[in-house]
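All of the numbers you see were taken from the coordinates with simple rules; none came from a lab. Quantities reported herein were computed from a predicted structural model and do not represent experimental measurements.
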Amino acid sequence: MENKFIQKCNTLEDTKKLACKFAQLVKESGCFVNLFGEIGAGKTAFVRLTAEALGVKEKVTSPSFVILNEYHSASIPVYHFDLYRLENVGISTIADELREYSEGKKITFVEWAEFSQGELPFERIEINVTYDDDDSRVYEFSSIGKKNNYVIEGLKK
């Protein structure tokens, strides 16, 4: 059974509050996060704000051209993948690395997870970011598997 939480963010400050709450929930045990949404929807902004809330000191940018950015200045490592450029070849070229980044105490974000061809870990959080009519953003969080249900339940409080 899927556990979901939906939050509308009217401003960047609203998104920052949501990212801070998310960061507090995952900072102890880590998690694997798939992000879905159109270009410019707010996927990288959410990753950046979460990373800042975790204490990342480096500038957080989209890894579109390098596939992976790593941040080690916080109390928990943050890894940020972007699969957009792998659309045509699929992620078979980095599937082993993605499995490795899903284990242990770390937070791994994967943008454009729709290009994963089913190769991503079963236990994960999925975040779908969409535009609303008034240019606000809607963040829909789902827990796939039981391991991360506590995150969804924590966001609901």
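Residues in segment 132-137 carry Karplus couplings, in order, of 9, 4, 9, 6, 7, 10 Hz; the curve used is 6.51 cos²θ - 1.76 cosθ + 1.60 with θ = phi - 60°, and Gly or Pro positions show x.
Only beta bridges with both residues in the chain are counted; by DSSP, about 55 percent of them are antiparallel.
Divided by 2.2 N^0.38 Å, where N counts the residues, the Cα radius of gyration of the chain comes to 0.96. In the chain, the calculated helix contribution to ellipticity at 222 nm averages -7500 deg cm²/dmol per residue, counting -39,500 (n - 2.57) for every DSSP H run with n ≥ 4.
One decimal place: the segment Lys17-Lys59 gains 13.2 nm when fully extended, by the rule 0.36 nm per residue minus the C-alpha distance. Note on the chain: with a GNM built from Cα contacts shorter than 10 Å, the maximum mean-square fluctuation among Ser64, Ser143, Ser75 falls on Ser75.
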